[in-house]
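Structure first, then comments.
Read the figures in this text as sums done on the coordinates, not as results from a lab. For clarity, every value in this text was computed on a predicted model and none was experimentally measured. Cβ coordinates were reconstructed from backbone atoms using ideal geometry, including for glycine residues, and neighbour counts include every protein chain displayed.
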Amino acid sequence: MTQNNIDSNSRRKRAKGAVQTKTLGPVEDLETHVRSDWWQTLFNSLYLKTDADLLDDIEVTKKEADLVVSILGLNPEDAVLDLCCGQGRHVLELARRGFPNVEGYDRSQYLIRKARTRAQKENLQVRFREGDARKLPYPSDTFSVVTILGNSFGYFDSTLQDRKVLEEVFRVLKPGGRVFIDAVDGDHIRKNFQPRSWEWLDRKYFVCRERALSSDCERLICREVICRIDRGIIADQFYAERLYNRESLFELLTASGFSSPTFHTTFSPVSTGTQDAGMMEKRILLSATVEKAWPSMESSGAESKKPLNVVVVLGDPRKEDQVKPACVFDDDDFETINRMKTALSEIPSIKFTFLDRHETLFEDLRKKAGKTDLVLNLCDEGFYNDPVKELHVPAMFEQLNIPYTGAGPQCLAYCYDKSLVRGVAREMRIPVAKGVLVTDDSDISRLSLSFPLLVKPNSGDSSFGITQKSIVHSREELLDIMKETREKIGSDKPFLLEEFLPGKDISVGIIGNPPSCTVLPITEEDYSAVPGELPKICGYEAKWLPDSSYWKIKSVPADLPEKTQKEVVRSCLALFTRLGCRDYARFDWRLDAEGRPRLLEVNPNPGWCWDGHLAKMAAYANISYSGMLAAIIGAAKKRYGIGLGGKVVLQTKAGQSTRKSPAECAAEFEEEVEAKSSIEPGNGRKRNVFSSNSETIKVL
C-alpha cells in the first residue's frame, strides 16, 4: 500500500469518526441537554433549512401579514418594529405593501445578514438591527406597533426574562401603541405534540425529531438530528419553548404594564410542503395597548436645563494639508470654522467644546470620555490632515466607546476606494459609468474604453487630482495627465478611468438614517458660465481656485424626469444602507447622452461647510445652516437613543415667519456670499454660490 493510500484511508477514518461524534445517540432525558442560551446558536442556515416549509413560504407569510394589517388596522404612517424578526420575512412583506416605516430586530447575526441581503436584492428600504430583545436600543415612545410573530416568544428558561422583553416593548411603544403577539397555543401542544417524527427536507437532507415535556410541564423540549445522506449526521441540537396559554399570557402582559389584552383568533399555518408543523401547528394571536402619558412639559423642561455635552472634532490647523492650494489652513478656512461655531451656538440645550490638536487628540478624548454625550465628527481632513487616515478618527471614538456622528471606519474605508464602490453598485444592479482600474502604464495598452475618458485618482476627496486636463481624448493625453497627477498624489497610486458622460452632473444629499431620513432636493451643476471650449467638469479648480473659469459653476435644483429622480433616490438609499453610511451622506451622479443616470461616487461624512453642497441642498429645503448641523446631530442622537425626551428641531433661518421658496433661499444665500466678497476683496479663495434662476422643488 502506498503512502498516499494510507493517508487517504486515515483521512476517511477520521472523517467517519468526526461524523459519529456529532450525535449523542439515545438520550433518556432531553431536558438535561438544553442549554439556557440555546437561542444564541440555533438560528443559522440549518434552522432555515429545517423549517423552510413554513418560514420561507411566501404564501404563509402573506397570510400572516394579512392578519396583522387587518386586526391592527395598520396604516402606512405607523412606525412598526418586528421584534425577533428572523430573516425579515414579515418586514419585507410589509415593505412590499407600501409600509415605509418598518424595522426588524433579531439576536441572530446570520438571520439579520440574510434579511439585509434579501432587502437589497429587492431594493426595499428597510432597516435591520441585531441585538438582545431584553435591552432594545431605541428611545422611549418610538414605535406605533411592535410585533412578535412566528412563535418567537418564550425562548428563555424563566418567565422573568420574557417579562423583561415585554417591559422593553412597553417602553419603546408610543402612548396608545399596540403590541401584537403570535404565540404557541400551549394547552394544545401539551396534549397533541408528537414525541417522534421525521421528514425529508429535500433530496439530500432529512431531520429526525424527539419531543418531551419539561419536568414542570411548562416547556416543550425538542431535539433535532439533522442528516445528509452523503455525510451522515451533521447536527444534533436541543431547544425548548415555553407553553403559554391564554390565561398566562394575559397575566404576563398586564404585569408588564399593558392594557386590554385581546385574543383575536387561533392560527394554523397552511403550506403545501408542511410535514411536521411542530410548535408552529396552532398559535394564539393577541394584542394589547399601551396606556401611558407622553412626557410632561415639566420633565422636558427639566431635561433641557441640563445641556447635552457635545465635543466637536476638527482638522488640525497647525498641520500641513496637501489638499489645500497653499497646503495650510488659510483665512477662508478659519472663517468657515467660525461660521460653523456660530451656527452651532444657535442650537438649544447643547454645550459644545472643540478639539483640533491631533498630537494629543486621543488623550484629550480619553479625558473627556466620561462627560461626553456625543462627538460631532467634522474632521473630514483626516487624522493629521491626511485623507487616507480619515477613518482613524472614528476608530478612536470606537476604542473609547464614545458615540459619534457620521460613518464608521469601515464605511470610510470602503468609500475611499472608488473602484470598490463601483463593484458594490454593480452587484446591486445600480448603473455606473464604464470604467477600469489602472495600476501602471502597461494597463493602458490593453485599454478597451472609448475616448473621451475621465482620469481620476482611485482614492481621495475634495477633487484633489481632478482638473480640466483630466478629460483626455487620446492615449498620449492619458499618459501625460497620469504622469502629471502622480507628481501630486504619489507614483504608487492607481487611477480610475471612466467614460466621460456628457449629461447633467447631479448630487443627492441624505440626512438621517433609513427608513427615517430626509432626502434633500437633488441639485445639478450649472455650467452655463463656463466657456464652451472647456470640458464640463466640477473638479479642483471649481472648489479651490477663484481665478479659474470653473469658479462660476453654480448649483441649481435638478430638472429631472420623475422616473429618473425616483431611480436615483432609490439607489442612493440602498447604497446608504449597504455601505454602512450613517446620519448624512452625499451621492454624485452623471447622466449619459441618453439621460440615463450613472453613479460616480459615494461621500460619507460629506463637506459640512456653510457653503458646501450639502448646505446648498438644505437651503433649497428651507433648512438653515444651523438646522442642517442640528439635523445631523439629531440623527446620531436617535440612532444611539441619546436624550430620550429631547428632540432636535430643524431650524429655519432667523426671522422667517413663512416658508420661503428655494429661489428665495438661494438669492439670500448668494447675497451673503457677495457681501462677504465685497467686505474682504483680497481674501484667498471664494466659494460657489446658488443660482437664482431656479424652480421650486419639494423635499423627497
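Just a few scattered comments:
- Distance between the modelled labels on residue 400 and residue 187, one decimal in nanometres: 5.9 nm (7 Å Cα→Cβ projection).
- The largest-to-smallest principal axis extents of the Cα set in the range 76-154 are 30, 29, 22 Å.
- Given 62/563; 306/371; 456/483; 351/371, the pairs whose alpha carbons are separated by over 20 Å: 62/563
- Over all other residues within a Cβ to Cβ distance under 10 Å of residue 65, the charged ones net out to +2, with Lys and Arg as +1 and Asp and Glu as -1.
- Packing rank of 569-578, 129-138, where each peptide gets the mean count of other beta carbons within 10 Å, highest leading: 569-578, 129-138
- The distance linking the range 338-388 with the range 152-168 is 41 Å (Cα centroid to Cα centroid, whole angstrom).
- Ranked by the mean number of other Cβ atoms within 10 Å of their residues, highest first, the peptides 249-260, 379-390 fall in the order 379-390, 249-260.
- The range 229-258 and the range 588-619: distance between their alpha carbon centers, rounded to Å: 49 Å
- Cβ-derived FRET efficiency at R0 45 Å, residue 75 paired with residue 351, nearest 0.05: 0.70
- Volume of the Cα convex hull of the range 71-121, divided per residue and given in Å³: 69 Å³
- In percent, rounded to a whole number, the relative contact order of the range 306-404 is 39, using alpha-carbon pairs under 8 Å and six or more apart.
- Sorted peptide list for 32-39, 176-183, criterion being average Cβ within 10 angstrom, highest first: 176-183, 32-39
- Net charge of Cβ neighbours under 9 Å - reference residue 210; Lys, Arg +1; Asp, Glu -1: +3
- Across the range 106-112, rounded Karplus estimates of 3J(HN,Hα) from the backbone phi angles (6.51 cos²θ - 1.76 cosθ + 1.60, θ = phi - 60°) give 7, 7, 7, 5, 4, 5, 5 Hz, Gly and Pro being marked x.
- Evaluated at q = 0.27 Å⁻¹, a Debye calculation over the C-alpha positions of the range 321-399 (equal weights, vacuum) places log10 I(q)/I(0) at -1.39.
- The local environment of residue 283, defined by Cβ-Cβ distances under 9 Å, has a net charge of -2 under the rule Lys, Arg +1 and Asp, Glu -1.
- With the simple model of a label 7 Å out from the Cα in the direction of the Cβ, residue 371 to residue 44 spans 4.8 nm.
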